[in-house]
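Below is one structure; the comments refer to it alone.
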Amino acid sequence: MSRLSFNADLPVSTLIDLGLTSEYQEVFQREFVYGSQRALELGLQPVEDVPDILVDFDDFEAVIKECHEKKIFPMYWQQRTWAPDGYRWNQNGLNYCWSWSGVAALLDMLAAEGRPTPQLAPVTAGGAVGWANKGNYLDSFVEWVRNDGIAPAEFVPNMFERNYRQYKEGWKEAAKGFRLRNILDTNRRAGTREMMRQVLSILKLGRPQYAAWNRLSHAMEIIGMLWTPGKWMNITLVIRNSHDETEPIEMYGENATPDEAIGFMSSEPT
Amino acid sequence: MKTVSYILAVLMLLVASTACAQIDVAAETPRDTPIPVSIKTDIPAGATSEGPGWIIPPGVNVHTIDSTHLVVCAPPGEYVLQYRLDWLHIETVTFKDGAGNDVTIRSYLGHGKYDVRTTFKVTGGAVPPPPPPPPPPPPGGKYQVMFFYEWGQLDNLPPRQQEILTSLTARDQIAAAGHVFQAAYDRSFVDSGKPEKHAAWFRAAKPMSGPLIAIAPKDGGVVQVFQLPDSMEAVMKLLENPTEVKR
């Protein structure tokens, strides 16, 4: 593959120079502990509550191979629907990686369900941060997208407009049509290897993950995994970033392990 | 003579009144029986009328005999029948005045208004059940396809069933055979009945549980629901003839 491939173990300054992330803290460390009452109230069901879901470490290679052969990974749904080759997904300097990555995951989940995937405007989740140009918790976005949803791009004057008074009438109602319902939460405290196992287990069900890396202060969407012998755990994550890339990027190394990864499992019936 | 005519017209205007009438219909009729309906009016010949006339409630079938006579038929229930009409009778009259000139006037002869309603009842048992559904589409037809599953149970399904629900190549295989893939919905969609455009699919799937495949003719028709087959090969076989391997 010729697409950009990053070693996440490189110094953060190098990763900033490479454009993977920015200097600004766009995403905060998780607000609610995995499995806590508040997390459960938000619908964040612990992945360890469904133990059958977990892929054996010995099966990684075979599972990854099958998910590519049968085009199960969200990267394929994404490429087929809302983000074909050459499509640019760009937060354009807004500190909204937490919304761009979450909306990408929402669209991939809708694609796997066979539901419409119109261009959605991540900026319409700005209400989660009082419409300021600032970072956010993933949990906060999850709460927003479960309750309020994301409005289609046709309701905003441009994809980066944070002044909601300029949105077309009816945007709030339209956003309700694109909401998240069921979610699986992963457990970073279980260690990097176990975390990667949980990530693959959700990907194997054709579902994307909305993820954050504290070291990078950045949120991105996990859409697939590659079997890459010689690299840490022999794996590489396939990621949809929102820095104007024309295709997914790859990230490997132990520091590629996300600190938070939330599987978007099914949408709200509307 | 001219003055007399004017006076006559004014007098007729003063005495004109709102007409009274009554709709004649049996208060109760057994189901499946034609019901004669009539109204007796005193609209003079030559009058013009304006208004809807008969106002028939929804669900009532009508055979019109003439403007005041109908035959209606309706399923059991109570109905309100209405007749609303205004009429005006004016005649053009020409005469000679004292100087021998022709004078033409429009002479008012009368007007009236009907706004009456009545209630009639069709008695009998409930409407019989709808006829049995039409036979399933012929073998080899092209279908619309929908899957239902419970997201929390997805991991418990055999790998080949998981593949049916999660693989893009599986969807492509369905499309390549000329079928239209609609959606792969979590059970919550069935329970909520949304989106409404798929309500018929949800109704058909509601009595069944577990992972399901629902199939309907491409051009619309009866939705058939089956347990999800064990493999994509079995799905494609089922789509060749959705009646043969029904479980």
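The values are calculated or read from the model by the stated rules, or taken from the named source; none is laboratory data. Here the structure is a predicted model, which is why all the values come from computation and not from measurement. Cβ: placed from backbone, ideal geometry, glycine included. Neighbour counts: every protein chain shown. These area figures cover heavy atoms from the full protein model, side chains too; ligands, DNA and RNA do not enter into them. Shrake-Rupley method; radii C 1.70, N 1.55, O 1.52, S 1.80 Å.
Quick notes on this one:
- Cβ-Cβ FRET estimate between residue A:234 and residue A:18, R0 fixed at 22 Å, reported to 0.05: 0.45
- Close amide H contacts of residue B:180 (hydrogens built in the peptide plane, cut-off under 5 Å, sequence separation of 5 or more or a different chain): B:143, B:144, B:145.
- What the phi angles of region A:30-41 give under the Karplus curve with 6.51, -1.76 and 1.60, with θ = phi - 60°, is a coupling list of 3, 7, 10, 5, 3, x, 6, 4, 5, 5, 5, 4 Hz, glycine and proline written as x.
- With 0.36 nm allotted per residue and the present C-alpha distance subtracted, the residue B:175-residue B:222 stretch has 14.9 nm of extension available.
- Loop-located GluC sites (Glu not before Pro) in region A:111-174, at most 11 other Cβ atoms within 10 Å (DSSP): A:169
- Average projected area [Cα convex hull, chain A], square nanometres: 13.1 nm²
- Counted residue by residue at 0.36 nm each, then reduced by the alpha carbon distance between them, the extension gain from residue B:62 to residue B:233 reaches 56.1 nm.
- For residue B:20, the accessible area of its heavy atoms, probed at 1.4 Å with every protein chain present, is near 120 square angstrom.
- Note on residue B:22 and residue A:87: the model spin-label points, each 7 Å out from Cα along the C-beta direction, lie 7.3 nm apart.
- Loop GluC sites (Glu not before Pro), region B:38-109 (other Cβ atoms within 10 Å of the site Cβ: 10 or fewer; DSSP): none
- Under-5 Å amide H pairs with residue A:260, H placed in peptide plane, nonlocal only: A:212
- Net charge of neighbours whose Cβ lies under 11 Å from the Cβ of residue B:164, counting Lys and Arg as +1 and Asp and Glu as -1: 0
- Classified by the C-alpha gyration tensor, region A:1-144 has a rounded form. Its axis ratio a/c, with a ≥ b ≥ c, is below 1.5.
- Percent carbon-and-sulfur accessible area, the protein assembly as shown, ignoring ligands, DNA and RNA, probe 1.4 Å: 51 percent
- Reach of residue A:70 by Cα under 16 Å, taken over lysines that are not fewer than 8 positions away in the same chain: A:204
- Inter-label distance, nm, simple model (7 Å from Cα along the C-beta direction), residue A:133/residue B:119: 6.9 nm
- For residue B:49 and residue B:95, the FRET efficiency from 1/(1 + (r/R0)^6), where r spans their Cβ atoms and R0 equals 30 Å, is about 0.60.
- Per residue accessible area in Å² of region A:5-267, where ligands, DNA and RNA are left out and the probe is 1.4 Å: 37 Å²
- For residue A:176, the aspartates and glutamates whose Cα comes closer than 19 Å to its Cα, not counting residues fewer than 8 places off in the same chain, are A:108, A:113, A:139, A:143, A:148, A:154, A:268, B:186, B:191, B:196.
- For peptide B:147-159, the mean count of partner chain Cβ atoms within 10 Å of a residue's Cβ comes to 4.
- Of the chymotrypsin sites (Phe, Trp or Tyr not before Pro) found in region A:146-220, none is in coil by DSSP with at most 11 other Cβ atoms within 10 Å of its Cβ.
- Using a 1.4 angstrom probe on protein heavy atoms only, the contact between B and A buries about 2200 square angstrom of accessible area, both sides summed.
- Over the residues of chain A, the helix contribution to mean residue ellipticity at 222 nm works out to -7500 deg cm²/dmol, using -39500 (n - 2.57) for each DSSP H run of at least 4.
- Couplings for region A:153-163, taken from phi via the Karplus curve 6.51 cos²θ - 1.76 cosθ + 1.60 with θ = phi - 60°, read 4, 5, 8, 10, x, 7, 5, 10, 7, 8, 7 Hz in order; Gly and Pro are left as x.
- Pairwise label distance in nanometres, residue A:153 with residue A:172, each label 7 Å out on the Cα-Cβ vector: 2.5 nm
- Contact order normalised by residue count of chain A, Cα under 8 Å, 6+ apart, percent: 30 percent
- Residues of region A:112-132 that bury at least 30 Å² of accessible area when the other protein chains are present, relative to the chain alone (probe 1.4 Å, heavy atoms, ligands and nucleic acids excluded): A:113, A:114, A:115.
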